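Since the structure comes first, as C-alpha cells, the remarks are kept for the end.
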Amino acid sequence: MVGRTVTVRILIMGLPGAGKTTLAFNLMHYLNPSVIWLNADEVRKKYNDWDFSPEGRLRQSKRMRDLADRADSKYVIADFVCPLPEMRRIYDPHFIVWMDTINEGRFDDTNRVFVAPDFYNLRITEQDAGKWAKIIYEQISHKI
C-alpha cells in the first residue's frame with residue numbers, strides 16, 4: 001500500500017474502574033484529528049459479544065487488533081482490561097499505559113485472572129486524566 005501511514009497502537013489497560021476510558025477520552029483530544037478510539041465495551045456491544053471466558057477474552061483481543069489494523073489513522077487508542085500477557089501480545093501495542101490506580105475492580109472474575117504487566121511504557125497510579133493525557137502525548141510525540 002503506497003502512502004498508507006503506519007498506525008501507532010496505544011493500549012490503555014487495567015482493571016475495570018481504573019480510569020481507562022476517561023484517560024482515553026482525554027488523550028483523544030491531544031491526538032485529534034488523526035486518532036481512532038476503540039473502547040472495549042463499545043466494541044463488545046457492536047459485536048454483541050459479552051463472553052468473558054478465556055476464549056471470549058482472547059477473541060476480544062484479536063478483534064481489537066483487527067480493528068486497529070484496519071484503522072486509517074495515525075493513532076489508535078484502545079482502552080480495555082487486557083488482563084493476561086497473551087492478550088497484550090495479540091493486540092501488539094506500540095505504547096502501553098498501565099492504569100494501576102485501584103487494587104480491585106468491580107468484577108471478581110476479572111480480578112482473579114488479571115496479571116500485572118511486566119512491561120509498560122507508563123504506569124499511572126493516580127486518576128488525573130488531564131495531567132496524564134498530556135504526559136502521554138508528549139512521550140508519544142517524542143518517541144514514536
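Assorted remarks:
- Neighbours by Cβ (under 8 Å, 6+ apart or cross-chain): first from segment 11-23, without any contact (Cβ under 8 Å) to a residue 60 or more places away in the chain; second buried (at least 22 other Cβ atoms within 10 Å of the Cβ): Thr21/Asp79
- Failed item in (1) hydroxyl-bearing (Ser, Thr, Tyr); (2) out of contact with any Ser or Thr (no Cβ under 9 Å at 6 or more places or on another chain); (3) at pLDDT below 95, with Tyr120 passing the rest: (3)
- Test: residue in segment 105-117 that is in a loop (DSSP other than H, G, I, E, B), of a type in the set (Lys, Arg) and in contact (Cβ under 8 Å) with a residue 24 or more places away in the chain: yes
- In the condition set (1) in contact (Cβ under 8 Å) with a residue 40 or more places away in the chain; (2) touching a helix residue (DSSP H, G or I) at 6+ places or on another chain (Cβ under 7 Å), Ala68 is compliant with all but (2).
- One residue from Arg9, Arg57, Arg63 being outside any helix (DSSP H, G or I), surrounded by 19 or more Cβ atoms within 10 Å (Cβ to Cβ) and of a type outside the set (A, V, I, L, M, F, W, C): Arg9
- Of the listed requirements (1) touching a helix residue (DSSP H, G or I) at 6+ places or on another chain (Cβ under 9 Å); (2) crowded, with 17+ Cβ neighbours inside 10 Å; (3) of a type in the set (Val, Ile, Thr); (4) at pLDDT 95 or above, Thr101 misses just one: (1).
The values are calculated or read from the model by the stated rules, or taken from the named source; none is laboratory data. Treat the numbers as computed from the prediction; the structure is a model and nothing was measured. Ideal geometry is used to build each Cβ from the backbone, glycine not excepted, and the neighbour counts take in all protein chains shown.
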